[in-house]
Amino acid sequence: MDARQFGPTGRKVSPIGFGTWAIGADWGSVDERDALAALNEALDRGVNFIDTADVYGDGRAEKLVAKVLKSRPGGRAQQPMVATKAGRRLNPHVADGYNRANLTAFVERSLKYLEVESLDLVQLHCPPTEVYYRPETFDALAGLVEQGKIRHWGVSVEKVEEGIKALEYPGLASVQIIYNIFRQRPAERFFDLAKRREVAIIVRVPLASGMLSGKFKRDSQFAANDHRNYNRHGEAFDVGETFAGVPYEEGLAAVEEIRALTPPGVTMAQFALRWILMQDAVSVVIPGAKSPQQATENVAAAELPSIPAETMQKIAAIYAGRIKPFVHQRW
């Protein structure tokens, strides 16, 4: 995979990374052996960016990452960049909780669980919008850099406008945002701004919770501990994190139109990932994987040829006609 610059960090990362939400929690049960095998396969295939969070399985994902990295040969130079997130363990999840004391405590637990002396990247984990108007929160992150507990900091946002506001803070290394065929507004409003300021863009929910894999049907069932069951209407957290906020049956209808555009020999998931990588402002995409096969297929998407302009235009038309009214002005 051709590496991409990761903002101001001086590091280059693989365009396809590994998102650990699925192996941590909220996507049904995942056996530890399968999780470790998927992570190892991704690393063997050249992935050098892992995204996790302290809240994924209440630390399970971080511990799995640590276990894998400890088992692999080579020093730090051969280790992937590991990004974690902090803030979602707050209860209640309010802006006042994003203070120096809490952030320090969250970082110290992540240091312990990831078994490192300094965290590569810590991201605020989709905090309330008010946090972006509190400079003291970002001063606290800068202080953690000065203490050597973290190397870089970024934000994970729900809304485009939150990302734009975050760009105002000196020291911002990255913005993580939802961007996929069903969520196209970031390319319209945000990407150019981030690129000009040399801030990395991490793309999450690239497959709209698996819908863009083309594997789901009207009667598909999801386990009780899978957010695609319990958060279908935003009951537990922002509905935009589940199927990208698109009504399920509307999404299925759009998927069938996209399926017709997918080249022979390419999975719909790979096609959807390659569509994201058409944006050179994107530093890394973080699909999840529950098995080595999924990890392998994800990585292969980066090797696909560019999508023709005519096909890109057809995808834009599908979005405008079927999806845009449901999502475009919400996030």
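The values are calculated or read from the model by the stated rules, or taken from the named source; none is laboratory data. Just so it is clear, the model here is predicted, and its values are computed rather than measured. Neighbour counts are summed over all protein chains in view; Cβ atoms, including those assigned to glycine, are modelled from backbone coordinates with ideal geometry. Remember, those area values only see protein heavy atoms, side chains included, never the ligands or the DNA or RNA. Shrake-Rupley method; radii C 1.70, N 1.55, O 1.52, S 1.80 Å.
Rounded to a whole number, what % of the accessible area of the chain do carbon and sulfur atoms account for, probe 1.4 Å?
48
Let me know the volume per residue of the alpha-carbon convex hull for region 1-141, in Å³.
Once divided by residue count, the hull of region 1-141 is 121 Å³.
Where the only charges are on Cβ atoms (+1 Lys, Arg; -1 Asp, Glu), what is the dipole of the chain about its Cα centre, to the nearest 20 debye? Walk me through the intermediate numbers first.
Working: 41 positive and 40 negative charges, 58 e Å.
With Lys and Arg at +1 and Asp and Glu at -1, about 280 debye.
If we count every other residue with Cβ under 11 angstrom of residue 295's Cβ, Lys/Arg +1 and Asp/Glu -1, where does the sum land?
Charge balance in the 11 Å sphere: -2.
How much net charge surrounds residue 227 when only other residues with a Cβ under 12 Å from its Cβ are counted (Lys, Arg +1; Asp, Glu -1)?
So the surrounding residues net to -3.
Among the listed pairs 63/290; 112/195; 85/290; 159/314, which are separated by more than 22 Å between their Cα atoms?
Too far apart for the 22 Å limit: 112/195; 159/314.
Once each part is reduced to its C-alpha centroid, what is the distance from region 1-32 to region 186-234 in angstrom?
About 14 Å separates the Cα centre of region 1-32 from the one of region 186-234.
Among residues other than residue 126 whose Cβ falls under 9 Å from its Cβ, what is the net charge (Lys/Arg +1, Asp/Glu -1)?
Around residue 126, the charge tally is -2.
If a/c stays under 1.5 just call it rounded; otherwise compare a/b with b/c (prolate if a/b is bigger, oblate if not). Do that for region 183-328, with a ≥ b ≥ c from the square roots of the Cα gyration tensor eigenvalues.
Rounded, since a/c falls under 1.5.
Cα centroid distance between region 267-331 and region 70-109, in Å?
28
When a/c is below 1.5 the answer is rounded, else prolate if a/b is larger than b/c, else oblate, so apply that to region 199-244 with a ≥ b ≥ c taken from the square roots of the Cα gyration tensor eigenvalues.
It is oblate, given that a/c is not under 1.5 and a/b is not larger than b/c.
Once label points are set 7 Å from the Cα along Cα→Cβ at both residue 215 and residue 3, what is their separation, rounded to one decimal in nm?
Distance between label points: 3.1 nm.
Taking just the alpha-carbon atoms of region 150-193, what radius of gyration and Dmax come out, in angstrom?
10.8, 34
Kindly write out, for region 258-269 in residue order, the coupling ³J(HN,Hα) from the Karplus curve 6.51 cos²θ - 1.76 cosθ + 1.60 (θ = phi - 60°), rounded to whole Hz, with x marking Gly and Pro.
5, 3, 5, 9, 6, x, x, x, 10, 6, 4, 4
Using a 1.4 Å probe, what is the accessible area per residue for the chain, in Å²?
For the chain, the solvent-accessible area averages 42 Å² per residue.
Using only the Cα atoms, work out Rg/Rh for region 180-268, with Rh taken as the Kirkwood radius, to two decimals.
Details: Rg = 14.9 Å, Rh = 14.6 Å.
Reported Rg/Rh (Cα atoms, Kirkwood Rh): 1.02.
Once label points are set 7 Å from the Cα along Cα→Cβ at both residue 312 and residue 93, what is their separation, rounded to one decimal in nm?
Output for this residue pair reads 3.4 nm.
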